[in-house]
Amino acid sequence: MSAIDYAEKIPNNVDLVGDRTLQRALEHWQPQFLQWWHEMGPSDFEGADVYLRTATSVDAQGWAHYGKVRMPDYRWGIFLADPVAERKIGFGDAMGQPAWQQVPGEYRSTLRRLIVTQGDTEPASVEQQRLLGHTCPSLYDLRNLFQINVEEGRHLWAMVYLLHAYFGRDGREEAEELLARHSGDADKPRILTTFNEPISDWLSLYCFTYFTDRDGKYQLKSLAESAFDPLARTCRFMLTEEAHHMFVGETGLSRVVKRSLEAMKELGSDDPARIRAAGAVDLPLLQKYLNFWCSSSLDLFGSEISSNSAANFANGLKARPDEGRYEDHALREKTLSLVTPQGASDVPMLNALNEVMRESYLKDCEIGLKRWNRSIERAGSQLRLSLPSARFRRSIGAWAGQPVDPQGNLMQRELYEKSLASWIPSEADKAFVHSLMHRVIEPGRMAGWIAPPERGINNLPLEHEYVKLH
Ligand SMILES: [Fe+2]
Ligand SMILES: [Fe+2]
């Protein structure tokens, strides 16, 4: 079952040949996707041979094949994790009943919305990152960028398959719209704000893959529990691909920290001006980027109190990430204590699931911070990096628009406005980061602002020519 058929025009493990109508519909969408990739994908690298991994089976062991591929020739396809025999719904009011193989009529529009919202983020991030290849800090990083890009394209396929296979004509129209909206477009922007933010430098890319792809991980984890079995299986396989994106973020930021510490040591100083003059990123500057991308990504979880998330849980559409770890899967009795600008109150747990998800996400975000702070401590510096408070710079929920500092304290609005440039990247900060962005393409070499990674890809040496440019 888990073998992927690459003989077909659209590689898949869902027996696409057995459903001619669906196959034809997807084959009609395929050239539109390729055209979108050509216009909105990584600019100017269509002729490059890239050392990419491609899924060959969906089981945990050895699902990937590595080899040189031109990106337009990447085999985007439809891969679902293997079915679990007689899978039962694991949460909500229908807990214990068989999982659904079709979409129940009453949840049709909600499920379609969930799939479209997830699907929209995938091509959005490719669009956001499309110019970064021109300023890559190394061929190793360039290859990782392209690996992420082709996989986000694959994730779009994953959602489009569900739309085509289970939502009829509405689904096909939504699939076209996924290619018609564009990141940052004034008339037809992407659905979620974070996916309209430009990613014009590699520091932002590492923050995006650390924070925003991790939001993706949590969304996928909660959809992987869904009673709608094809969605659950799709998301389970997407999660295996997603792990690499966060790896790029975490190791990328580790390498920036490492280089910063080296510069501090060389200079015998942690004066940001001197570190910048030496061509490295000072830690206070990195903190600003963390503040920006973390706070932006926190909005993606939605309002603290949400009747939609309550209904989605009760109806079996979307659970908590790692639902199996909890004991109570109905949540009809539980409450959560929430602090809003109006004070503390207990709210029904069912209505507070966005917050539950945000809290587990933040715990996951802390892991990298702890590691970076250990290396900073070992280097003998008093500086520490931290995550901003979940109340800081929020645009959605109880704290939206509130003047709160990164520690979470409410403050005078005027002072807040004045201080903001010291908490998130100012124009001068961005200009400095952009000034570091020069492309380095000699195999094995690194830009001066980032340390080399600990190892190459798939056991190859760091000096390997991961992207062959023509
Ligand atoms: Fe993705
Ligand atoms: Fe991703």
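The values are calculated or read from the model by the stated rules, or taken from the named source; none is laboratory data. This is a predicted model, so every value here is computed, not measured. Cβ coordinates were reconstructed from backbone atoms using ideal geometry, including for glycine residues, and neighbour counts include every protein chain displayed. Protein only, heavy atoms only, side chains kept; ligands, DNA and RNA dropped before computing areas. Shrake-Rupley method; radii C 1.70, N 1.55, O 1.52, S 1.80 Å.
May I ask you to work out the translational diffusion coefficient for the chain at 10 °C, viscosity 1.306 mPa s, via Stokes-Einstein with Rh from the Kirkwood sum over Cα pairs, reported in whole µm²/s? Each step should come with its number before you reach the end.
On the way: Rh = 23.4 Å.
For these conditions, the coefficient is 68 µm²/s.
Enumerate the helices in the chain for which the Kyte-Doolittle hydropathy averages -0.5 or more and the C-alpha atoms extend at least 20 Å along the helix's axis, using complete DSSP H runs.
Details: long enough: 20-40 (29 Å, -1.12); 108-128 (30 Å, -0.69); 139-166 (41 Å, 0.09); 229-267 (57 Å, -0.22); 283-298 (22 Å, 0.45); 353-378 (38 Å, -0.98).
Qualifying helices, which must be both long enough and hydrophobic enough, are 139-166, 229-267, 283-298.
Counting only protein heavy atoms and using a 1.4 Å probe, what share of the accessible area of the chain belongs to carbon plus sulfur, as a whole percent?
49
How charged is the neighbourhood of THR240? Take every other residue with its Cβ under 13 Å from the Cβ of THR240, and add Lys/Arg as +1 and Asp/Glu as -1. Write down the numbers at each step before the final one.
Numbers: positive: ARG53, ARG154, LYS217, LYS221, ARG233, ARG236; negative: ASP59, ASP82, GLU151, GLU241, GLU242.
Result for the local shell: +1.
Leaving out ligands and nucleic acids, note down the accessible area per residue over segment 245-300 with a 1.4 angstrom probe, in whole Å².
Ligands and nucleic acids excluded, the result is 32 Å² per residue.
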Furthest towards positive pole of dipole, ILE89, TRP157, TYR51, structure part the chain, Cβ charges
TYR51
What residues have an amide H closer than 5 Å to that of TRP100, excluding those fewer than 5 places away on the same chain, when H is modeled at 1.01 Å from N in the peptide plane?
PHE228, ASP229
May I ask you to derive the FRET efficiency for ALA379 and ALA421 from their Cβ-Cβ distance with R0 = 30 Å, giving the value to the nearest 0.05?
0.60
For segment 1-156, what class follows from the C-alpha gyration tensor (a ≥ b ≥ c being the square roots of its eigenvalues): rounded when a/c is under 1.5, otherwise prolate if a/b is larger than b/c, else oblate?
prolate
Taking the mean number of other Cβ atoms within 10 Å as a proxy for protection, how do you rank 267-273, 160-166, 337-343, 20-26 from highest to lowest?
160-166, 20-26, 267-273, 337-343
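Can you show me the helix-derived [θ] at 222 nm for the chain, built from DSSP H runs with n ≥ 4 at -39,500 (n - 2.57) apiece and divided by the number of residues, rounded to the nearest 500.
Values: 13 runs with 216 residues, N = 470.
Taken over the chain, the calculation gives -15500 deg cm²/dmol.
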Please provide three numbers in whole Å: the alpha-carbon extents of segment 324-449 along the principal axes, with the largest listed first.
60, 43, 30
In whole percents, the bins of 5 Å from zero upward hold the Cα-Cα pairs of segment 196-296 as 3, 13, 18, 17, 14, 12, 8, 6, 4, 3, 2, 0
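Suppose all protein chains stay in the model; what accessible area per residue would a 1.4 Å probe give for segment 53-105, in Å²? Display every interim value, and only then the final one.
Details: 2670 Å² over 53 residues.
Ligands and nucleic acids excluded, the result is 50 Å² per residue.
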Cross-link partners of LYS318 among lysines (Cα-Cα below 24 Å; sequence separation of 8 or more within a chain):
LYS88, LYS217, LYS221, LYS334, LYS363
To the nearest 20 Debye, how big is the dipole of the chain about its Cα centre, given +1 on the beta carbon of each Lys and Arg and -1 on that of each Asp and Glu?
640
